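Read the structure below first, then the notes.
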Amino acid sequence: MFKKGSKIYSIVTGVCPKCHQESMYYHKNPYYLRHVINVKESCSKCGTQYRLEPSFFFGAMYVSYALGVAFAVAGFVVSYFVFDASIHAIFISIIATLTVFAPIILRWSRSIWVNIFIHYDKEIAEKVKQNKIEQV
């Protein structure tokens with residue numbers, strides 16, 4: 001659906017923002033709750049460090065808040081306009097939406113945050129594909 005080389009591809013799939021060749025996470029499944037936010041230290045393909053400074057991913061909390069609001073609004077719109085639900089049912093649907101999508105919100109917020117600071121490099125990606133890159 002999204003092509004390699006775009007920020008959207010890196011964010012949705014959770015791959016390295018520089019080379020798009022390897023997952024940033026130890027486990028690809030966000031619903032494996034024990035390791036939902038465990039990010040690798042660096043990409044084993046291109047050597048990109050994901051944590052640019054100590055506590056780097058604390059900034060992802062702001063992104064997570066915005067994504068949570070977006071998902072809550074989506075839950076409200078669907079329950080109110082599609083199902084014409086009561087106020088109590090709307091509240092329950094918003095809570096259910098946020099609960100079900102919490103692991104995805106956490107992953108996407110970290111992916112968005114790291115993609116703000118690290119950009120795709122086509123030359124490095126080509127070198128990684130051809131195994132011509134030397135790790136730093």
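The values are calculated or read from the model by the stated rules, or taken from the named source; none is laboratory data. Since the model is a prediction, treat every value here as computed from it, not as a measurement. Using ideal geometry, Cβ is built from the backbone for each residue, glycine included, and neighbour counts are taken over all protein chains shown. Quick note on the areas: whole protein, heavy atoms, side chains included, nothing else; ligands and nucleic acids left out. Shrake-Rupley method; radii C 1.70, N 1.55, O 1.52, S 1.80 Å.
Pick from Ala60, Ala72, Ala102, Ala66: which is in contact with a Leu (Cβ under 7 Å, 6 or more places away or on another chain), over 13 Å from Lys18 (Cα atoms) and of a type outside the set (D, E, K, R)?
None of the other options fit; the residue is Ala72.
Checking the condition outside any loop (DSSP other than H, G, I, E, B), of a type outside the set (D, E, K, R) and closer than 30 Å to Val128 by Cα, which residue from Ile90, Ile37, Ile8 passes?
Just one listed residue meets the conditions, Ile8.
Identify the residue in segment 1-19 that is more than 13 Å from the chain's Cα centre (by Cα) and of a type outside the set (A, V, I, L, M, F, W, C) and, among all such residues, is modelled with the highest pLDDT.
If we take residues in segment 1-19 being more than 13 Å from the chain's Cα centre (by Cα) and of a type outside the set (A, V, I, L, M, F, W, C), then Lys18 is modelled with the highest pLDDT.
For segment 52-100, which positions are modelled with pLDDT of 95 or more and among the polar types (S, T, N, Q)?
The answer is Ser64, Ser79, Ser86, Ser93, Thr97, Thr99.
Would you check if Glu22 is out of contact with any Lys or Arg (no Cβ under 6 Å at 6 or more places or on another chain) and among the acidic types (Asp, Glu)?
No.
Looking only at residues in segment 114-136 that are open to solvent by 50 Å² or more (accessible area, probe 1.4 Å) and part of a helix (DSSP H, G or I), which one is modelled with the lowest pLDDT?
For segment 114-136, the residue satisfying everything is Lys129.
Within the group Lys18, Lys28, Lys4, which residue is in contact (Cβ under 8 Å) with a residue 12 or more places away in the chain and either β-branched (Val, Ile, Thr) or open to solvent by less than 60 Å² (accessible area, probe 1.4 Å) (or both)?
Every option except Lys18 fails the conditions.
Scan Ser86, Ser55, Ser79 and give me the residue that is surrounded by 17 or more Cβ atoms within 10 Å (Cβ to Cβ) and polar (S, T, N, Q).
Every option except Ser79 fails the conditions.
Name every residue in segment 11-34 that is farther than 17 Å from Gln130 by Cα, part of a loop (DSSP other than H, G, I, E, B) and not hydrophobic (A, V, I, L, M, F, W, C), in order of residue number.
The answer is Gly14, Pro17, Tyr26, His27, Lys28, Asn29, Pro30, Tyr31, Tyr32.
Would you be able to tell me the number of residues in segment 1-26 that are farther than 16 Å from Tyr50 by Cα and in contact with a His (Cβ under 6 Å, 6 or more places away or on another chain)?
Of the residues in segment 1-26, 1 are farther than 16 Å from Tyr50 by Cα and in contact with a His (Cβ under 6 Å, 6 or more places away or on another chain).
Of all residues in segment 36-50, how many are at pLDDT 90 or above, touching a helix residue (DSSP H, G or I) at 6+ places or on another chain (Cβ under 8 Å) and open to solvent by 30 Å² or more (accessible area, probe 1.4 Å)?
The qualifying residues number 1.
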